[in-house]
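Taking it in order: structure first as C-alpha cells, then the write-up.
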Ligand code: 5CU
C-alpha cells in the first residue's frame, strides 16, 4: 500500500505503567483508586478532572498496555499512531520531580515505540511514534527547558513532538519567560501538541448533573482556544515562524472566532501595531486534529484555514488547501463505547466526518487520514 494511503492517528493517549504507578500512589486527584463493588469485585477508577463528576471513570489496560493499543489500532484499521501521555501530564509535580519523571517517561516511550512492530507494507516505518513530555510545570525555571527539548530531539528518534498543556510554567503560554522554549522547539522541529486539561472552571456548569459532558465538550476546547489565542497575541508565532503547533479538538473555537478576534484587535488601542498580521492569518500557521466528530465542522475549519493566507499583511495572497493542515485522530482510550461494539463509535464518527466533507477531493481526504501527518512528522518528504 502506498504510504500516502495509510491511516495515521495523531491524537491517541497512554498512561505509561510508570505514570500509572504515580497516579496509584496519590490520595488526591489526579489519581487512580481501587474500589470494591458490593459483590466484592475490585475496579480501578480514574479521577483526573477538577471536580471530577460521578466518582471518576473506569480505567484499565487500554490506558497502559501496548498490546491493547495495537489491538485497538488493528480493529480500526489504524496503521500508525503518534502516542502521547494523557493529561494532566506532570503538572501536579514540583519541578525537580517533574524533570526526573519526564526523562524516565520519555525513555519509556521511546522503547514503547522502538520495540513495537513495523508497518506491514514498509518495514522502514514503525507503527508507533510518540510525543514526549517536558518538565513544563508551575515554577519550572524557563532556562532549563531548552536542554530538555534538545535531549528529546537528540536521544529519542521515535519521539517526534511534545505534548503540552495550557499553563506553561504557571503563567500561561504568553509568558515572556517561555521565549527560549519556543526558540528551541522551533529549532528542533518537534511538533508541539497543545492539549487541554483544566476546562474553564466548574462554576460555568451550574448544579444540574450532566456527567462529563460540559467540561469535555465545551470546557476543553475553550481552554485550548484561550491558550493559543494568548500565544498568538503575545507575538510568539511572529517571532518563531518555524514553530509547529498542533491543536487538539480541531482548535476548539479558534476557527469560528478568528474574525471576531481580528475585529477586537483592530478596535483596541492596546493591540495597535503589535502583531505582524491580521489574526486570521495565524490559522494558516497551525495544524488541527480532525477530532470534531462531524463533516460540517471539519469543512468549516478547513475553509477558515484555507482563507488564512488572504489575511497576510500586504494582502492579495492565494487561497490554500486548508485540509492539508488537518490530521485524523481518535482520542483513544477516552470515549469508549457505552456498550459492546466491534468498532468504537467515536472513531467511526471521525472517519465518517472526513469521508463526508463534500468539498474535499479524494486526495485531500487521504491527506487528512494520514498523508498530512506523515509529512508533518517527517516520515514522508514535504
Ligand atoms: O474524557 C476525558 O476526560 C478526556 C481527557 O481527560 N483527556 C482527553 O484527552 N480526552 C478525554
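Once you compute Rg and the Kirkwood Rh from C-alpha atoms, what is the Rg to Rh ratio for the range 302-382?
On the way: Rg = 15.8 Å, Rh = 14.5 Å.
My calculation of the ratio gives 1.09.
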* Asked: Length gain on complete extension for the stretch residue 104 to residue 349, per 0.36 nm per residue less the alpha carbon to alpha carbon distance?
  -> 84.7 nm
* Structure fact -> With R₀ set to 51 angstrom, the calculated FRET efficiency between the beta-carbons of residue 183 and residue 41, to the nearest 0.05, is 0.45
* Relative contact order computed over the chain (Cα-Cα under 8 Å; 6+ residues apart), in percent -> 16 percent
* Asked: Using the alpha-carbon centroid of each, what span in Å lies between the range 247-283 and the range 78-97?
  -> 29 Å
* residue 303 versus residue 171, label points 7 Å from Cα toward the beta carbon: distance in nm? -> 4.0 nm
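How would 137, 213, 119 line up from fewest to most surrounding beta-carbon atoms within 10 angstrom? It would help to have the intermediate numbers written out before the result.
On the way: 137 24, 213 12, 119 16.
Listing 137, 213, 119 from fewest to most nearby Cβ atoms yields 213, 119, 137.
Counting pairs of alpha carbon atoms under 8 Å apart in space and at least six apart in sequence, what relative contact order in percent does the range 196-321 give?
Values: 151 pairs, mean separation 27.9, N = 126.
In percent, rounded to a whole number, it is 22.
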* **Length released on extending from residue 296 to residue 5, taking residue separation times 0.36 nm less the Cα-Cα span** => 102.4 nm
* When the chain is treated as a GNM, springs tying every alpha-carbon pair under 10 Å, which of 34, 330, 12 comes out with the largest mean-square fluctuation? -> 34
* Once you have a ≥ b ≥ c as the square roots of the Cα gyration tensor eigenvalues for the range 3-376, tell me rounded if a/c is under 1.5, and otherwise prolate or oblate according to whether a/b is larger than b/c. => rounded
* Run the quick spin-label model on residue 380 and residue 67: label points 7 Å from Cα toward the beta carbon, then report their separation in nm to one decimal. => 3.3 nm
* Top mean-square fluctuation among 118, 84, 25, Gaussian network model of the chain, C-alpha springs under 10 Å? -> 25
* Measure out, as a whole number of angstrom, how far apart the alpha-carbon centroids of the range 305-380 and the range 201-220 sit. => 27 Å
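Subtracting the Cα-Cα distance from 0.36 nm times the residue separation, let me have the gained length for residue 213 to residue 361 in nm, one decimal. Intermediate values should be presented prior to the final figure.
Values: separation 148, 0.36 × 148 = 53.28 nm, distance 3.34 nm.
This chain segment gains 49.9 nm when fully extended.
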* Structure fact -> Most fluctuating of 262, 290, 308 in the GNM of the chain (C-alpha, under 10 Å) is 262
* **Percent RCO, i.e. relative contact order, over the range 35-78, from Cα pairs under 8 Å lying at least 6 residues apart** => 23 percent
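Using R₀ = 30 Å, calculate the FRET efficiency as 1/(1 + (r/R₀)^6) where r is the Cβ-Cβ separation of residue 74 and residue 338; round to 0.05. Please report the intermediate quantities before stating the final value.
Details: r = 22 Å, r/R0 = 0.74.
Between residue 74 and residue 338 the formula returns 0.85.
Throughout, read-outs are computed from the coordinates displayed, never taken from laboratory work. Only a predicted model underlies this, so the values are computations on that prediction, with no experimental measurement involved. FYI the Cβ positions are ideal-geometry reconstructions off the backbone, even for glycines, and counts take in every protein chain you see.
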